[in-house]
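Please read the structure below before turning to the comments.
The values are calculated or read from the model by the stated rules, or taken from the named source; none is laboratory data. Quantities reported herein were computed from a predicted structural model and do not represent experimental measurements. For neighbour counting, all protein chains shown are included, and Cβ atoms are generated from backbone atoms with ideal geometry for every residue, glycine included. We work out accessible area using only protein heavy atoms, side chains counted, and drop any ligands, DNA or RNA first. Shrake-Rupley method; radii C 1.70, N 1.55, O 1.52, S 1.80 Å.
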Amino acid sequence: EETQGRFQPLTNYLSKKLGKKFEAVYLNTYDIEDAFRDKKIDLIHANSIIYIILKKNYQAKLVLGEKRGPDGKNTIGTIIVKNESSIKKIADLKDKKFIFGPVFAPAGFLSVYDLMKRNGIDPETDLAFYAIPQGSFKHEKVLYAVYYQVFDAGAAPLQDLREAIADKKFAPDDFRVIAKSEMLSYCTLAARKEIDDVLIKQIKDIMLGIKKEDTVEVGDERLFILKRAWLDRKSVV
């Protein structure tokens, strides 16, 4: 429902501007590669790891990169603990309970897993155990799991942590970041290799041309396109 709320306005806007029917398909991240391979979807909006997989295996074409928040087109993975925790550094995670985000998440799993290994902690052997939340809102579940001390530490994208604090779900001093990953590319829009380059350019130009005040009808409502997609004029490249 969250994803539909974000991207149905943009889908309707593309249909209106191009005179072609765009249909939004909402998939579990695990299912995107199969759907792309089987040509059930033509365009994908997903994280940069999914794009890399589709580029490598199916020659997907990059259309746009997404900017969001202070880090722009990049994202950063963090290891967080409750503020009063005795854990100060990555080495202190030994024999502790840890919670990751989704397995395909660059900043919620992959980069943090790598960060731990580079700093002498093998999640497979050095942690007491680790877990990955089920269902939706996995990044948010990580924050709550650490906040309520069900787990000693967790992996959280820095932007998700910032937004949760901005939304007053948590106080600024509820968590402490003990380590950060390198910068990673954020989400991308990509197309199957068979999609005509002229159409790709049209889509790109339309998206780059969306203004903050532009709206579109969704059902019986008129909604701001960029606000709904969590973007603004400066957030699309």
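Overview of results
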quantity: Label point distance in nm, Gln4-Ala91, each placed 7 Å from Cα along Cα→Cβ; calculated: 5.1
quantity: Residue-level accessible surface for Thr11, protein heavy atoms, 1.4 Å, Å²; calculated: 20
quantity: Inverse mean reciprocal Cα-Cα distance (Kirkwood Rh) of region 56-167, Å; calculated: 14.8
quantity: Solvent-accessible surface (1.4 angstrom probe) belonging to Asp34, in square angstrom, nearest 10; calculated: 70
quantity: Distant-in-sequence amide H partners of Ile210 (H built 1.01 Å from N, under 5 Å); calculated: none
quantity: Residue-normalised accessible area of region 16-142, expressed per residue, 1.4 Å probe, Å²; calculated: 53
quantity: Distance histogram for the chain (every C-alpha pair counted, 5 angstrom bins, percent rounded to whole numbers); calculated: 1, 6, 13, 17, 17, 15, 12, 9, 6, 3, 1, 0
quantity: Protection proxy ranking of 198-205, 223-230 - average other beta-carbon atoms within 10 Å, highest first; calculated: 223-230, 198-205
quantity: Amide hydrogen neighbours beyond the local backbone of Ser185, cut-off 5 Å, H modeled; calculated: Thr75
quantity: Region 3-91: mean projected area of Cα convex hull, nm²; calculated: 9.0
quantity: R0 of 35 Å, Cβ-Cβ distance Asp196-Tyr148: FRET efficiency to nearest 0.05; calculated: 0.10
quantity: Carbon/sulfur fraction of accessible area - the chain, other protein chains in place, 1.4 Å, %; calculated: 50
quantity: Residue order for Tyr186, Tyr58 - accessible surface, 1.4 angstrom probe, largest first; calculated: Tyr58, Tyr186
quantity: Two-site FRET efficiency, Lys168 against Glu221, from Cβ-Cβ distance with R₀ of 30 Å, rounded to 0.05; calculated: 0.70
quantity: Phe36 accessible area, assembled protein chains, probe 1.4 Å, Å²; calculated: 10
